[in-house]
Each structure stands twice: as structure tokens, then as C-alpha cells.
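Quick notes on the structure that follows.
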Amino acid sequence: MTAPSDARARGTRLPRVRRRRQLLAAAQEVFVSRGYHAAAMDEIADRAGVSKPVLYQHFPGKLELYLALLEEHSEALVEKQREALESTDDNRQRVTASFQAYFDFVAGDGEAFRLVFESDLRNLPAVREKSEQTFRRCAELIGEVIRQDTSISDDEAHLLSIALVGMAETSARYWLNNEGSIPKDAAEQLVARLAWRGISGWDLTRSAEEDGS
């Protein structure tokens, strides 16, 4: 996401798409630093360098701003997961790439991961539904690979995929909160190795025999 610094001056006319991205970037900064409830539309408009009426032309309220950001970053995470799984046919490398996708997401600029994983709006149905949908979609992508390459049942593959996504999310967030104790690439490899040691026991068809570590 681009920073709003390219259009700080009030009154600067921008194409609608660029203005929307500018407003979302400003909103993200405020939501991450203050949390949703403490954030104010006045502050978001000021951060973007626009008047409040301009902000309301694009987003009717603070919740709509938040949901737009949540949608954008949720889609980004799912796409990272999809790209990771499609990046190789080697199952061990797929496991590593899948964990790297989560570590890359939490380490990204702007702490966007907090909007997806640490929302203080989980009690709202729209936010809870989107967060759960993102988790479920990532798990479905992993579960499909497991189903294709093992003889276990669909329900078993789904449970394993849920466990792997939970492990990836929790370990990546823990690593970020304790950044500096373990380098990012070492942390990714460590957790991926743990996951591979477990899942390779189901006789993955292409690379289980390559596990020699």
C-alpha cells in the first residue's frame, strides 16, 4: 500500500482510485497506532491531507474504512498462500513456502497483519466473518494439496490444514513480537521443519522420501 505522502496538500485533486488508496493508507496508519475505537475520522482525514467531506465521499463511516482495509489485506494473505503452494511441486518446499508466506505477511510494511489477526472488532459479525473466512480459505488451499497427495480422508486433510494454518499464524506473530531473538529465515525454517516432520508421515507422493534431516 502506498503512503499518503504523495498527496498531503489539501485540495489536491487525484483520480478516484489513487484517492481511495491514499485514504486507506492514512486509515491504516491511524488504526494500527491507535486501534479502531480510539481512531477518529478527523485524524484520518488530517493524516491523508484531505477535508472530512472528501473522506466521507469515499467512505460513509469509520467501519466501512476498516472493512475495506480488512478485505484488502485478507485477500493479500490468501494470495500469498496460493502463490506459495503453486511455487513448487516439491511438498517439503511447499511446507516451507507456506510458512514463509505467513512470516512475510506479519513482517510487511505498515503492520497490516494487526488488522487481520489482532482486530479489536472481532465481536462485530462482519469483521469476525471476514477473519474466519480468511483463515478458512488459507486452510482450504493447504487442505487441497494434502488431499491430492495423500490417501487420507477429506475430513482428516481439513483438520491437518487447520492445524498448519494455526501453527503458521501463531508462530509468525510470536516471532514478530520477539523479533531479534531468531532471524526471520531461521524461524521460518525451524517451524517448517517441525511441520514437515509431522505431515511427511502421511506418505506424500512426491518428496517424502527426500526427508533426510
Selected residue (criterion: least open to solvent (accessible area, probe 1.4 Å)) from residues of the range 81-106 that are of a type in the set (Asp, Glu) and part of a helix (DSSP H, G or I):
ASP104
If you go through the range 10-31 one residue at a time, how many are touching a residue at least 24 places away in the same chain (Cβ under 8 Å) and either touching a strand residue (DSSP E or B) at 6+ places or on another chain (Cβ under 8 Å) or buried (at least 18 other Cβ atoms within 10 Å of the Cβ) (or both)?
9
What is the number of the single condition among (1) free of Cβ contacts under 8 Å to residues at least 40 places away in the same chain; (2) touching a Leu at 6+ places or on another chain (Cβ under 8 Å) that PRO53 does not meet?
(2)
When residues of the range 36-50 are limited to those that are in contact (Cβ under 8 Å) with a residue 24 or more places away in the chain and open to solvent by 50 Å² or more (accessible area, probe 1.4 Å), the one nearest to ILE142 (Cα to Cα)
HIS37
Hits in the range 51-80 (condition: among the aromatic types (Phe, Trp, Tyr) and either touching a helix residue (DSSP H, G or I) at 6+ places or on another chain (Cβ under 7 Å) or open to solvent by less than 70 Å² (accessible area, probe 1.4 Å) (or both)):
PHE59, TYR66
In the range 164-193, how many residues are open to solvent by less than 70 Å² (accessible area, probe 1.4 Å) and either in contact with a strand residue (DSSP E or B) (Cβ under 7 Å, 6 or more places away or on another chain) or not in a loop (DSSP other than H, G, I, E, B) (or both)?
17
I'm trying to understand the selection: among the residues of the range 107-134, which are open to solvent by 10 Å² or more (accessible area, probe 1.4 Å), aliphatic (A, V, I, L, M) and not in a loop (DSSP other than H, G, I, E, B)?
ALA126
Kindly evaluate ARG137 against the criterion of being at pLDDT below 90, closer than 20 Å to LEU70 by Cβ and out of contact with any Cys (no Cβ under 9 Å at 6 or more places or on another chain).
no
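The values are calculated or read from the model by the stated rules, or taken from the named source; none is laboratory data. All of these numbers come straight from a predicted model, not from anything done at the bench. Note that we place each Cβ from the backbone using ideal geometry, even for glycine, and neighbour counts take in every protein chain shown. Areas reflect the complete protein model, heavy atoms only, side chains present, ligands, DNA and RNA absent. Shrake-Rupley method; radii C 1.70, N 1.55, O 1.52, S 1.80 Å.
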